[in-house]
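The values are calculated or read from the model by the stated rules, or taken from the named source; none is laboratory data. In this text, all values refer to a predicted model and were calculated from it rather than measured experimentally. Cβ: placed from backbone, ideal geometry, glycine included. Neighbour counts: every protein chain shown. Note: accessible area is taken over every heavy atom of the protein model, side chains too, but ligands, DNA and RNA are not part of it. Shrake-Rupley method; radii C 1.70, N 1.55, O 1.52, S 1.80 Å.
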Amino acid sequence: MANETIKGMGFHHIALKAADFDASYKFYTDGLGLKLYTAWGEGDSRAAMLDLGDGGILELFAGGTGEDQSNPRFFHFAMKVDDVDAAYETALKAGAKPKSAPVVVPVDSAPVKVTLNCAFVYGPDGEELEFFKILSAE
């Protein structure tokens with residue numbers, strides 16, 4: 001459904017500041033299959049835009065502290081996938097830590113009732129990742 005207020009609006013990227021840039025880069029590219037779109041900078045000024053596969057971008061920055069934020073505004077990063085179970089297992093094999101195994105959830109929502117399949121893992125910097133698929137929408 002198109003945004004009628006701001007024409008052409010859509011998701012572009014989410015940014016992650018990693019304490020260990022190299023480990024996070026390897027996890028997302030080698031482990032989860034994201035592709036390098038572009039990169040710049042050196043040391044704690046490094047950054048890379050990684051394409052999820054549909055044009056959505058994870059923008060990875062160096063220079064993070066690895067400490068938990070006391071009051072985070074965004075608390076997880078959800079990625080739509082064709083197979084939640086396979087994505088969860090792939091992430092674990094790539095070094096992610098489990099948070100919650102795949103589960104089917106019928107949501108008592110309105111106006112559209114949805115049933116979804118989701119699973120959560122922690123990435124290399126402790127970031128919370130969700131693998132998500134809508135199974136039905138009525």
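How far, in degrees from 0 to 90, does helix 84-93 lean away from the longest principal axis of the Cα atoms of the chain, to the nearest 10? Taking the Cα atoms of the chain, the angle to 84-93 is about 20 degrees. Taking amide H positions as modeled 1.01 Å from N, with prolines and chain starts lacking one, the residues under 5 Å from M79 and 5 or more places away or on another chain are E130, F131, F132.
Averaging the inverse of every distinct alpha carbon separation and then flipping it gives the Kirkwood radius. What is it for the stretch 6-138, in angstrom units?
Working: mean 1/r = 0.0630 Å⁻¹.
Result for the stretch 6-138, one decimal place: 15.9 Å.
Nearest 5 is fine: what % of DSSP beta bridges in the chain come out antiparallel, could you say? Walk me through the numbers on the way to the answer.
On the way: 27 of 36 bridges.
Approximately 75 percent, going by the DSSP bridge assignments.
Once all protein chains are placed together, K35 keeps about 140 Å² accessible to a 1.4 angstrom probe. A helix-only calculation puts the chain at -3000 deg cm²/dmol for mean residue ellipticity at 222 nm, using -39500 (n - 2.57) for each DSSP H run of at least four residues, averaged over all residues.
In the context of the full set of protein chains, residues of the chain present 65 Å² of accessible surface per residue (probe radius 1.4 Å, heavy atoms only).
Within the accessible area of the stretch 23-138, what % is carbon and sulfur when the probe is 1.4 Å and the other protein chains stay in place? Carbon-and-sulfur percentage of accessible area, whole number: 53. Between S109 and D30, the C-beta separation translates, for a Förster distance of 22 Å, into a calculated FRET efficiency of about 0.05. Can you give the FRET efficiency to the nearest 0.05 for A137 and L92, using r as the Cβ-Cβ distance and R₀ = 30 Å? For R0 = 30 Å, the calculated efficiency reads 0.60.
Full extension of the chain between K7 and Y122 gives 37.9 nm of extra length, using 0.36 nm per residue less the Cα-Cα distance.
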